[in-house]
1. Quick check of the Kirkwood formula: for segment 39-108, what is the inverse mean of 1/r over all pairs of different Cα atoms, in Å?
2. May I ask you to list the trypsin sites (Lys or Arg not before Pro) in segment 60-120 that are in a DSSP loop and have at most 14 other Cβ atoms within 10 Å of their Cβ?
3. Counting only GluC sites (Glu not before Pro) that sit in a DSSP loop (anything but H, G, I, E, B) with at most 13 other Cβ atoms within 10 Å, what is the longest stretch of the chain containing none of them?
4. Could you state the angle between the C-alpha long axis of helix 9-35 and the longest principal axis of the C-alpha atoms of the chain, as a value from 0 to 90 degrees rounded to the nearest 10?
5. Please report, in Å, the Rg and the Dmax of the chain, where both are computed over Cα atoms only.
Amino acid sequence: MTSIPPLGDALDFLRILWGLDHSLQSASKRMESALGVTGPQRMVVRIVGRFPGMSAGRLAEILRIHPSSVTGILKRLDRKGLITRRPDPRDGRRAFLGLTEKGRKIDVGQEGTVEAAIVAALARLDRKAVQTVREVLVDIADVLEQPNRRVAL
């Protein structure tokens, strides 16, 4: 591997994040070929499996993504027969999510998933380091979600 020229903290960190994004996308495509679901789809299955009866809006909050992105994932999971939607009797626009029998088969720890790779990587770190990394990533996401916030370089 060739050495990386000095980029400064921000550019080097961004380089690593973009590399991570690329790796996540590649692993997600491999998962879809091998398991029939992408990384984001499997994450939704895992969360709905842990919290059955949640709404799509709550799922979007947990995932920190726009509700329309969750809608697309849920439509694909519905077409694959992995989730159920039970209408909210008080609000017809809302539905409560659950897993089908087929979905429950996906909702297990599996080798070859993005989740398994994250578990393996986190296992190499002590608890304090994991917490620090989590805090940095949350801080970055918070700043990026505020498009009008100006940060001096």
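1. Taking every pair of different Cα atoms in segment 39-108, averaging 1/r and inverting gives 11.8 Å.
2. Counting only loop positions with at most 14 other Cβ atoms within 10 Å, the trypsin sites (Lys or Arg not before Pro) in segment 60-120 are ARG64, ARG90.
3. Maximal segment without exposed cleavage sites: 1-110.
4. 30
5. Over the chain's Cα set, Rg and Dmax evaluate to 18.2, 60 Å.
We did not get these values from a lab; they are worked out from the coordinates using the rules stated. Note that the structure is predicted; figures quoted are calculated from it, not measured. Note: ideal-geometry Cβ built from the backbone for every residue, glycine included; neighbour counts use all protein chains shown.
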